[in-house]
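Peer 1: Mind having a look at this structure? Questions to follow.
The values are calculated or read from the model by the stated rules, or taken from the named source; none is laboratory data. From a predicted model like this one, the values you see are computed outputs, not experimental measurements. With ideal geometry, Cβ positions are generated from the backbone for all residues, glycine too; neighbour counts draw on all protein chains shown.
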Amino acid sequence: MGSYFKAVLLLIALVILVTFGIQNNETVKLYYYFGMNSMPFPVYGIVYASILLGIFIGMLIGISMRFNQRQKIKALEKENRDLKSKVPEEKPPESLEEKMPASLEEKPQEMEATETPANETPADATLEFNSESEK
C-alpha cells in the first residue's frame, strides 16, 4: 500500500515539473558581477538547478549532523560503561522473608486479635447505632 502511494506522489510531482518546464521555456541570460554574463538558459533549467542545489546542500548538512550525533552517542556510551563499572553490583535477596523486617511479621497476629466476631458485621453495628438514636 505504501509503495503505491509513493509511486502516485512521484508521478504527480513529475507531471507538475514537466508542465512547469513546458510553460516556462523562455530563455534567460544571467548577469554576474564585473561584467560577466552567462549563455542563455531556459527558466525551468535555472529553477531545476536551484532546487537540486538546495537538495544537495540539505543532504550535506544532514550527513554532517548524523556524523556528529554518532560521535556523541559513542562518547555517551563510553561514559555509561565507565559509570556502570564504578557502581558495585548489588545481590538480590534469596527470599522475601530475609528482606522483611520483624515488625511486619507481627502485624498479622495483632490483626487476628482485633477481628470482629463472626455473628456481628459492621452493617449490624450501624443498624444498632441507628436504632438507638431513634429512641
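Peer 1: Counting just the residues of the stretch 40-60 that are within 23 Å of residue 27 (Cβ to Cβ) and loosely packed, with under 13 Cβ neighbours inside 10 Å, which one comes out modelled with the lowest pLDDT? Spell out how you get there, then give the answer.
Peer 2: Here is the first cut: in the stretch 40-60, the ones within 23 Å of residue 27 (Cβ to Cβ) are 40-54.
Remaining after also requiring loosely packed, with under 13 Cβ neighbours inside 10 Å: 40, 49-54.
Details: 40: 88, 49: 91, 50: 92, 51: 91, 52: 93, 53: 95, 54: 94.
Only one residue fits best here, namely 40.
Peer 1: I'd like the full set of residues that are modelled with pLDDT under 85 and surrounded by 10 or more Cβ atoms within 10 Å (Cβ to Cβ), limited to the stretch 26-39.
Peer 2: 30, 38
Peer 1: Quick check: anything in the stretch 15-25 small (Gly, Ala, Ser), out of contact with any Gly (no Cβ under 9 Å at 6 or more places or on another chain) and not in a loop (DSSP other than H, G, I, E, B)?
Peer 2: First, the residues of the stretch 15-25 that are small (Gly, Ala, Ser): 21.
Retained after the next criterion (residues that are out of contact with any Gly (no Cβ under 9 Å at 6 or more places or on another chain)): none.
Checked against the condition, which is being small (Gly, Ala, Ser), out of contact with any Gly (no Cβ under 9 Å at 6 or more places or on another chain) and not in a loop (DSSP other than H, G, I, E, B), the stretch 15-25 yields no hits at all.
Peer 1: Does the stretch 25-77 hold any residues that are hydrophobic (A, V, I, L, M, F, W, C) and touching a residue at least 24 places away in the same chain (Cβ under 8 Å), and which are they?
Peer 2: Applying the first criterion (hydrophobic (A, V, I, L, M, F, W, C)) to the stretch 25-77 yields 28, 30, 34, 36, 39, 41, 43, 46-47, 49, 51-53, 55-57, 59-61, 63, 65, 67, 73, 75-76.
Within the stretch 25-77, 47 is the sole residue that qualifies.
Peer 1: Would you confirm, using the coordinates I've provided, whether residue 83 is modelled with pLDDT under 95 and within 30 Å of residue 29 (Cβ to Cβ)? Steps first, answer last, please.
Peer 2: On the way: modelled with pLDDT under 95: yes; within 30 Å of residue 29 (Cβ to Cβ): no.
When the stated conditions are applied, residue 83 does not pass them.
Peer 1: Moving on. When you check residue 94 against the structure, is it modelled with pLDDT under 80 and surrounded by fewer than 10 Cβ atoms within 10 Å (Cβ to Cβ), yes or no? Explain how you work it out, then say what you get.
Peer 2: Numbers: modelled with pLDDT under 80: yes; surrounded by fewer than 10 Cβ atoms within 10 Å (Cβ to Cβ): yes.
Considered against the rule, which asks whether it is modelled with pLDDT under 80 and surrounded by fewer than 10 Cβ atoms within 10 Å (Cβ to Cβ), residue 94 comes out as yes.
Peer 1: (1) of a type in the set (A, V, I, L, M, F, W, C); (2) at pLDDT below 90; (3) part of a helix (DSSP H, G or I): which one isn't true of residue 11, the others all being true?
Peer 2: The one condition residue 11 does not meet is (2).
Peer 1: Test of understanding: among 65, 111, which residue is over 30 Å from residue 25 (Cβ atoms), modelled with pLDDT of 90 or more and assigned to a helix (DSSP H, G or I)? It would help to see each step written out before you state the result.
Peer 2: On the way: 111 fails: modelled with pLDDT of 90 or more.
Going through 65, 111 in turn, the sole match is 65.
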